[in-house]
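No lab work stands behind these numbers, since they all come straight from the coordinates. None of the values given here were measured: they were computed from a predicted structure. Here the Cβ is made from the backbone with ideal geometry for all residues, glycine too, and neighbour counts use every protein chain on show.
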Amino acid sequence: MRNFPECESHPPKSGVGLRRTERITQEIPIRVYSFGAAAGFFTEDSRTLMVNRDGALIILKNRVAPEGILWIINLENLRQDDFRVVRLARKKRGGSAEWGVECLDKSRDLWETSFPPGMRDIEPNARAA
């Protein structure tokens, strides 16, 4: 199992939108399948940019839409699952884009990575000594 110390830890300014798990910068080769809906049918080999327990930030050349369902295979361990497209994070030059995706089965460990505790697990009144 991997353990990466590089993570983003940006607590929100209010209680709204607390991140469930921390993101870790990690490139993992993936194969993405779309079986219709707004994105149409496609297969694309790509990679993650960041991962967390619940999903990932991925790069795609093919167009997808929020709420669309993708089937993603981790090409390092051949684990697979369905993911929901959450949002467009950023368009890139050359027609590709970065997309946030969320795993539909929260009990799965697609990335085989140790993650730090989520923002919800941190004591709200904790202070430095």
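Points worth noting:
- Residue-wise HN-Hα coupling along the range 62-78, computed from phi with Karplus coefficients 6.51, -1.76, 1.60 (Hz; x: Gly, Pro): 6, 7, 10, 9, x, 6, x, 10, 10, 9, 10, 10, 6, 6, 7, 10, 6
- FRET efficiency, 1/(1 + (r/R0)^6) with R0 35 Å, evaluated for F35 and E98 via beta carbons: 0.95
- Working note: Karplus 6.51/-1.76/1.60 with θ = phi - 60° gives the range 86-102 the couplings 8, 6, 7, 8, 6, 8, 10, 5, x, x, 7, 8, 9, 10, x, 10, 10 Hz, where Gly and Pro are set to x.
- Placing pseudo-labels 7 Å out from each Cα toward the beta carbon at T43 and E27 gives an inter-label distance of 2.4 nm.
- A Förster radius of 22 Å combined with the Cβ-Cβ distance from S107 to R63 puts the calculated FRET efficiency at roughly 0.15.
- Relative contact order of the range 19-77, defined on C-alpha pairs under 8 angstrom at six or more residues apart (%): 40
- Residue-span extension gain [Q80 to S114] - 0.36 nm each, minus C-alpha spacing: 10.4 nm
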